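Visitor: Can you read through this structure? Questions will come right after.
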Amino acid sequence: MFRNLVMSDILSFFSDQKKSSADIEAALLDMKSNDLPWATGKVFAYVYEPAPDAYALIKKAYMLFLTENGLDPTAFSSLLKMEQEVIGTAIQLLNGDDKSAGNFTFGGTESIILAIKTARDFARDKYPEKTKPNIVLPVTAHAAFFKACHYLCVEAKIIPVNEETFTPSMTDYENAIDENTLMLVGSSPSYAHGVIDPIEEIAALAKSKNLLCHVDACVGGMYLPFAKALGYDIPNFDFSVEGVTSISMDFHKYGYTAKGASCILHKDRALRKYQIYTCSEWSGYSLVNPTVMSSKTGGSLAACWANLSFLGFDGFRTIVEETQGAKTKVADAIQKNKHLKLLGNPVMNMIAFGSNSIDLFALAAKMKEKGWYIQLQFKHGISPTNIHLSINQANVPHIDAFISDLTEIVEDLANSETHTALPFPQEFLDSLTPEMVNQLKESLGVADGEAPVDLTLINRILDAASPATRDMILKEFVNGLFR
Ligand SMILES: Cc1ncc(COP(=O)(O)O)c(C=O)c1O
């Protein structure tokens with residue numbers, strides 16, 4: 001069955017006749033009705049929902065700058081001013097100084113791409129002997145680093161993490177460093193398990209070897225400074241640590257602003273020069289881009305600026321206080337539950353748990369029936385199949401109900417027989433080719449052009465597949481999903 005849009009479907013959308021805006025709005029709302037219902041406060045991933053008053057302001061600010069173009073800061077000085085203030089705030093929160101610099105980007109991935117481009121181009125200038133550049137990073141570093149390395153032709157040298165703490169060892173960093181190494185990477189914290197890497201040690205090693213050191217604080221940057229102010233024991237992870245040269249930090253996660261909001265920060269402006277791309281080789285306008293995006297809306301920057309001004313330090317501290325309270329409740333409930341195992345030591349509100357006795361796929365499906373969205377993470381190396389929770393402020397009022405449903409469902413599953421077997425032998429999965437994946441999709445009723453409603457079986461298959469097979473299945477699936 002092939003459900004991708006055919007030309008007649010396209011014509012009904014882009015018709016000869018103008019449609020009314022009321023009809024169009026109705027159609028948009030109709031499409032939205034099948035989306036993940038994030039406004040229920042029962043979703044533990046993807047969405048970092050602002051409180052209603054902040055949300056109204058964010059929308060207003062976004063729309064005020066929807067059409068302004070961040071391509072040229074001399075044409076839109078408003079955007080330059082807002083960016084300076086937003087980046088100045090980020091530098092201050094992360095203990096930079098007058099020499100520090102940064103740029104507003106559209107997401108953590110863009111910030112990470114820029115950190116690696118900076119390291120690569122710095123080496124091209126200063127250490128041209130590094131002809132096959134690499135960075136060293138733990139397997140728990142976000143996939144964005146792997147993607148950035150792929151795009152920029154830099155090798156990602158992956159080191160393992162400890163199976164209890166989920167942190168890397170300094171010996172493994174040291175052993176991985178070679179004459180082509182540009183930079184060491186650590187997370188504060190990692191997305192998957194919410195674990196903070198030993199940044200002070202990583203940065204000290206980087207400094208002693210004359211290497212750059214990037215800290216990925218995409219999720220921690222707008223959270224940990226407030227947790228520290230509240231008295232939580234947060235290890236130093238920012239520019240206060242000697243040797244940290246750059247940091248990525250997102251506003252569109254725990255900065256609770258509209259998506260398209262992150263930043264890349266450098267301890268020293270001198271390094272930022274290598275982040276900037278210029279092109280005067282073509283026949284058009286002189287292009288100078290400090291970031292990957294070129295033409296870009298001013299909306300997300302204005303929304304971010306407005307939200308930071310609105311909430312201020314106290315506002316964020318209150319949000320962190322509430323979410324830390326909710327995280328402690330959930331982590332305690334998991335630790336007390338004999339069927340569940342908390343993975344690592346999650347310092348902030350992002351946690352992962354596994355289980356040796358219950359079927360986590362069934363747990364996710366049963367929780368979904370009760371309206372909770374929790375995120376499955378597939379097994380990889382020492383990290384078992386697990387459930388990830390990003391607890392945001394919108395979840396806080398629902399946290400007791402969440403724990404109660406989770407505990408009840410876990411108990412039910414422990415007392416019932418669940419079927420975890422794949423619908424075919426593992427050898428079949430290991431021998432899959434792209435053609436077989438497409439046949440398998442058909443036999444499982446997965447139609448091209450449509451997102452499957454129930455992902456339980458597909459998730460089981462992906463979990464059982466090797467990383468290479470998993471990548472191949474995902475590529476086939478997504479290639480069929482989009483027209
Ligand atoms: C630690 C970390 N780094 C990087 C990223 C990538 O950010 P984005 O999805 O905004 O590109 C994420 C996303 O969740 C993250 O959690």
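FYI, it's all coordinate maths here, none of it is from the lab. None of these values were measured; they are calculated from a predicted model. Note that each Cβ is placed from the backbone with ideal geometry, even for glycine, and that neighbours are counted across all protein chains shown.
Visitor: Spin-label point model (7 Å from Cα, Cβ direction): what's the Gln375 to Lys126 distance in nm?
Guide: Placing both labels 7 Å along Cα→Cβ, they lie 3.4 nm apart.
Visitor: Another question, if that's okay. Using only alpha carbon pairs under 8 Å that are at least six residues apart, calculate the relative contact order of region 349-448 and give it in whole percent.
Guide: 29
Visitor: Could you state the number of Å between the C-alpha centres of region 220-283 and region 302-336?
Guide: 19
Visitor: Can you figure out the FRET efficiency of Glu408 with Asp454, using R₀ = 25 Å and their beta-carbon distance, to the nearest 0.05?
Guide: Once the sixth-power term is evaluated, E becomes 0.70.
Visitor: What list of whole percents do you get for P(r) of region 386-426, with Cα-Cα distances grouped in 10 Å bins up to the one holding the largest distance?
Guide: Per 10 Å bin, starting at 0, the Cα pair percentages come out as 22, 36, 26, 14, 2.
Visitor: Within 10 Å of each residue's Cβ, count the other Cβ atoms and sort Glu129, Glu155 from fewest upward.
Guide: Glu129, Glu155
Visitor: State log₁₀ I(q)/I(0) for region 108-175 at q = 0.15, 0.18 Å⁻¹ as given by the Debye formula over alpha-carbon point scatterers of equal weight, solvent excluded.
Guide: -0.52, -0.72
Visitor: Follow-up question, since we're still on this one. Output the Cα-based Rg and Dmax of region 72-148 in Å, rounding Rg to one decimal and Dmax to a whole number.
Guide: Rg, Dmax (Cα atoms, Å): 15.4, 43.
Visitor: Assuming R0 = 35 Å, can you tell me the calculated FRET efficiency for the pair Met63 and Phe14, based on Cβ-Cβ distance, to the nearest 0.05?
Guide: That gives a FRET efficiency of 0.90.
Visitor: Please give the contour-minus-distance gain from Thr165 to Glu321: 0.36 nm per residue of separation, less the Cα-Cα distance, rounded to one decimal in nm.
Guide: Stretched out fully, the Thr165 to Glu321 stretch lengthens by 53.7 nm.
Visitor: Something else now. Arranged by the count of other C-beta atoms within 10 angstrom, fewest first, what order do Ser383, Ser111 take?
Guide: Going from least to most buried by this count: Ser383, Ser111.
Visitor: Roughly how many nanometres apart are two label points built 7 Å out from the Cα toward the Cβ at Glu85 and Ser280?
Guide: If labels sit at Glu85 and Ser280, their model points lie 3.4 nm apart.
Visitor: Tell me, in nm to one decimal, what length is gained between Glu442 and Ala56 on full extension, where the rule is 0.36 nm per residue of separation less the Cα-Cα distance?
Guide: 134.5 nm
Visitor: Going down the list Lys253/Lys370; Lys32/Lys253; Lys126/Lys259; Lys267/Lys475; Lys59/Lys341, which pairs span over 30 Å between their C-alpha atoms?
Guide: With Cα atoms farther than 30 Å apart: Lys126/Lys259; Lys267/Lys475; Lys59/Lys341.
Visitor: Quick one: if the Förster radius is 35 Å, what FRET efficiency do Lys368 and Tyr232 give, using the C-beta to C-beta distance and rounding to 0.05?
Guide: Approximately 0.65, to the nearest 0.05.
Visitor: Oh, and also: Which value results when the Cα radius of gyration for region 63-306 is divided by 2.2 N^0.38 Å?
Guide: Computed over Cα atoms of region 63-306, the ratio equals 0.99.
Visitor: Then there's this: When the helix-only estimate is applied to the chain (DSSP H runs of n ≥ 4, each -39,500 (n - 2.57), divided by the residue count), what is the mean residue ellipticity at 222 nm, nearest 500 deg cm²/dmol?
Guide: After summing the helix terms and dividing by the residues of the chain, the value is -13500 deg cm²/dmol.
Visitor: Just to be sure I understand the model, the point goes 7 Å from the Cα along the line to the Cβ. What's the resulting Lys475 to His150 distance in nm?
Guide: 0.8
Visitor: So if I average 1/r over every pair of distinct C-alpha atoms in the chain and take the inverse, what Kirkwood radius in Å does that give?
Guide: 24.3
Visitor: Take the residue pairs Lys228/Lys327; Lys130/Lys207; Lys338/Lys379; Lys18/Lys296; Lys19/Lys441; Lys147/Lys368 and return only those whose Cα atoms are more than 26 Å apart.
Guide: Too far apart for the 26 Å limit: Lys18/Lys296; Lys19/Lys441; Lys147/Lys368.
Visitor: Calculate the length of the line joining the C-alpha centroid of region 91-166 to that of region 386-459, in whole Å.
Guide: About 32 Å separates the Cα centre of region 91-166 from the one of region 386-459.
Visitor: Using the Cβ atoms and a cut-off under 12 Å, what net charge is assigned to the surroundings of Thr297, where Lys and Arg are +1 and Asp and Glu are -1?
Guide: Result for the neighbourhood of Thr297: +1.
Visitor: Show me the GluC sites (Glu not before Pro) within region 333-425 that DSSP assigns to loop and that have at most 12 other Cβ atoms within 10 Å of their Cβ.
Guide: Glu417
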